[in-house]
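Let me begin by presenting the structure, written as structure tokens, before commenting on it.
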Amino acid sequence: MTQDASRVLIFDTTLRDGEQSPGATMTHNEKLEIAELLDEMGVDIIEAGFPIASEGDFRAVSEIAKRSKSAQICGLARANFADIDRCWEAVRNSARPRIHTFIGTSPLHRAIPNLTKDEMVERIEQTVTHARNLCDNVQWSPMDATRTEWDYLCRVVDVAIKSGATTINIPDTVGYTAPKESADLIKRLIDTVPGAADVIFATHCHNDLGMATANALAAVEGGARQIECTINGLGERAGNTALEEVVMALKVRGDIMPFQTKVDTKKIMHISRRVATVAGFPVQFNKAIVGKNAFAHESGIHQDGMLKNKETFEIMRPEDVGLAGTSLPLGKHSGRAALRAKLHDLGVDVGDNQLKDIFVRFKELADRKKEVYDDDILALISATTEGEDRLQVVSLKVICGTGGPAEATLEMEIDGSDKTAICYGDGPVDATFKAVRELHPNKAHLSLYQVSAVTEGTDAQATVSVRLEEDGMVATGQSADTDTVVASAKAYVHALNRLIVRREKIGGSDTKEVSYKSPAE
Ligand code: KIV
Ligand code: ZN
């Protein structure tokens, strides 16, 4: 291992493992935006996708590879030449490309391709050698390592190192391990496998038992020097290790974990919000570091303590993760310059045209809401669609109450012409969604509908997230409004617009064609 012994590399897989989780699909432009934010915040390696999985993944990885400024750009490949070649094609334009190839080594995973132990060793030797002939930066992972027999794990890690792997990642694919075991496993591998000192060991933990962050940090204690993680802990099932948690834990507890990353922690909040929005996965309120309540002090005793000395109940400063300390709300008299300055403080730099658009929506909101808080402004930004919207909500009137169905009168502009529908439903949202479907017939299935209040008070904006699925394509939409039903209509239409863009631009090829769980020939 050539790097400084106290340096821990941060390998972000939001765009691969995170995006792979059902419903978290991002558009091409969103992937580029998130990759740029990861690069700017100082992530060392970005796993940008799984190039052979789809045309969309390939395009995204290639484009991210071309654009990245300082991060290494990595693509995922199963243990076969076609995957590895496709991956190399996508990452080769990066100044710092990496190929990540893997195969499931535990008894359960070995049974899928039906390989004997010896056959699998041979496959590892061939595929890692092939990858290494293409690229001098090769990461290899024995999937489900934590449930692989110890002797066999040593054997496969040994052959991967001998075949040229430069990073050995030890995945806890099903979130099965526990901190002590995680530390011991890495330490024993480093002590046992010849050549281990010449490579970097990485840890990749899933959160099924809620231990992903603890397991990743323990692995570092055991000698791992690369942590694989995602923003907001996004990922399949219960997700992956959360980037913000490991980075802040290392920063705050440097006294007992003397390791450094090069992540600019002040950029955490902004990227967390963007990932939550584009993936359509809102962050739980009490989520460590990035949850809405992570720095809120409600109880009288806590507030009193905070006023006397912030350290009484605060182990890190909100400013350290990019939350403006004492931010003053904007109001209807605030001008464009104040809005631009506020956006800048929130880590969002916009061009003149975008500012014009946000300003119009800000004024509309300020007319209805006395004080416009940071979260309100971020919610406004989140509700923009890339490209021209073919469908737009013009007006909505709803009559509802006890003793009968709700009635929604919805006017929409569809491809430039106005259309109106009146529909009845089981409550105002149901009636409104029926009206949308009457005006724009579609067979998209509504797989998520979620409402949360952006700020406090009865005039608070509601943020609505909607996820639609159609023929294997997934699109999410968000909107915020002081009227929950209006926000719902706009979020639904936002998601429909994105489905339309996807259908037209990608022609359905953005769907996942292969699953990473089945190592194939
Ligand atoms: O969880 C896992 O095992 C993975 C591998 C592909 C590294 O994501
Ligand atoms: Zn994983």
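The values are calculated or read from the model by the stated rules, or taken from the named source; none is laboratory data. Treat the numbers as computed from the prediction; the structure is a model and nothing was measured. Cβ: placed from backbone, ideal geometry, glycine included. Neighbour counts: every protein chain shown. Side chains included, ligands, DNA and RNA excluded: accessible areas come from the protein's heavy atoms. Shrake-Rupley method; radii C 1.70, N 1.55, O 1.52, S 1.80 Å.
Tabulated results
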| read-out | value |
| --- | --- |
| The range 264-297: number of residues that are open to solvent by less than 20 Å² (accessible area, probe 1.4 Å) and among the hydrophobic types (A, V, I, L, M, F, W, C) | 9 |
| Residue count, the range 136-194 (criterion: over 18 Å from residue 103 (Cβ atoms), more than 14 Å from ligand 2 (Cβ to nearest atom) and open to solvent by less than 30 Å² (accessible area, probe 1.4 Å)) | 4 |
| Residues of the range 396-424 classified as under 35 Å from the mean Cα position of the chain (by Cα) and farther than 12 Å from residue 489 by Cβ, total | 4 |
| Residue count, the range 16-54 (criterion: more than 13 Å from the chain's Cα centre (by Cα), modelled with pLDDT under 95 and open to solvent by 10 Å² or more (accessible area, probe 1.4 Å)) | 2 |
| One residue from 419, 363 being over 17 Å from residue 338 (Cβ atoms) and at pLDDT 85 or above | 419 |
| Conditions (1) away from ligand 2 (no atom under 15 Å from the Cβ); (2) on the phi < 0 side of the Ramachandran plot: number failed by residue 208 | (1) |
| Matching residues, the range 2-15, being open to solvent by 10 Å² or more (accessible area, probe 1.4 Å) and at pLDDT 95 or above | 6, 7, 9 |
| Scope the range 428-460; condition assigned to a helix (DSSP H, G or I) and either under 24 Å from residue 401 (Cβ atoms) or in contact with a Gly (Cβ under 7 Å, 6 or more places away or on another chain) (or both); matching residues | 428, 429, 430, 431, 432, 433, 434, 435, 436, 437, 438 |
| Any hit, the range 109-119, residues being modelled with pLDDT of 95 or more, basic (Lys, Arg) and within 16 Å of ligand 2 (Cβ to nearest atom) | no |
| Lone unmet requirement of (1) loosely packed, with under 14 Cβ neighbours inside 10 Å; (2) at positive phi for residue 347 | (1) |
| Qualifying residue in the range 240-255 (condition: at pLDDT below 95, touching a His at 6+ places or on another chain (Cβ under 9 Å) and either within 16 Å of ligand 2 (Cβ to nearest atom) or polar (S, T, N, Q) (or both)) | no |
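Residues checked against (1) under 19 Å from residue 12 (Cα atoms); (2) more than 16 Å from ligand 1 (Cβ to nearest atom); (3) open to solvent by less than 80 Å² (accessible area, probe 1.4 Å):
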position	(1), (2), (3)
92	yes, yes, no
99	yes, no, yes
113	no, no, yes
125	no, yes, no
